[in-house]
1. How do the pairs read when you match residues in the range 45-65 that are within 13 Å of ALA27 (Cβ to Cβ) with residues anywhere that are open to solvent by 60 Å² or more (accessible area, probe 1.4 Å) and among the acidic types (Asp, Glu), using Cβ under 6 Å and keeping only pairs 6 or more apart or on different chains?
2. Could you please tell me which pairs satisfy a Cβ distance under 8 Å, a separation of 6+ or placement on different chains, a first residue in the range 23-34 that is modelled with pLDDT of 70 or more and part of a helix (DSSP H, G or I), and a second residue that is surrounded by fewer than 13 Cβ atoms within 10 Å (Cβ to Cβ) and not acidic (Asp, Glu)?
3. Scan the range 69-76 and give yes if some residue there is at positive phi, at pLDDT below 75, part of a loop (DSSP other than H, G, I, E, B) and not hydrophobic (A, V, I, L, M, F, W, C), otherwise no.
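The values are calculated or read from the model by the stated rules, or taken from the named source; none is laboratory data. Every value quoted in this text rests on a predicted model; they were computed, and no experiment measured them. Note: ideal-geometry Cβ built from the backbone for every residue, glycine included; neighbour counts use all protein chains shown. Calculation scope for accessible area: heavy atoms of the full protein, side chains included, ligands and nucleic acids excluded. Shrake-Rupley method; radii C 1.70, N 1.55, O 1.52, S 1.80 Å.
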Amino acid sequence: MSVYKSDVAKLPHAVGWTSLLGYAWLAGIGFTMSLFIAMPAFDETAPVDAAKLGILAGSLAAGVAGAIVLRIPSSFRNE
């Protein structure tokens, strides 16, 4: 019996679910682009500064989480 719910799409041979999760976390760093959107969205400086802090914290958290997940040795991953 297949572990996949459907046979519509399968991961490539060398890519496992944990790797996919790690790369998805690293893609979260791309939200730094929100800095360029936040600046014209607010007229006052306090909301812009709060948005910058939140966006940078989220990008940092995504980068750290992605790095941790991808540093897990493949022997522990069950892929």
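1. none
2. The qualifying pairs are LEU26/ALA67.
3. no
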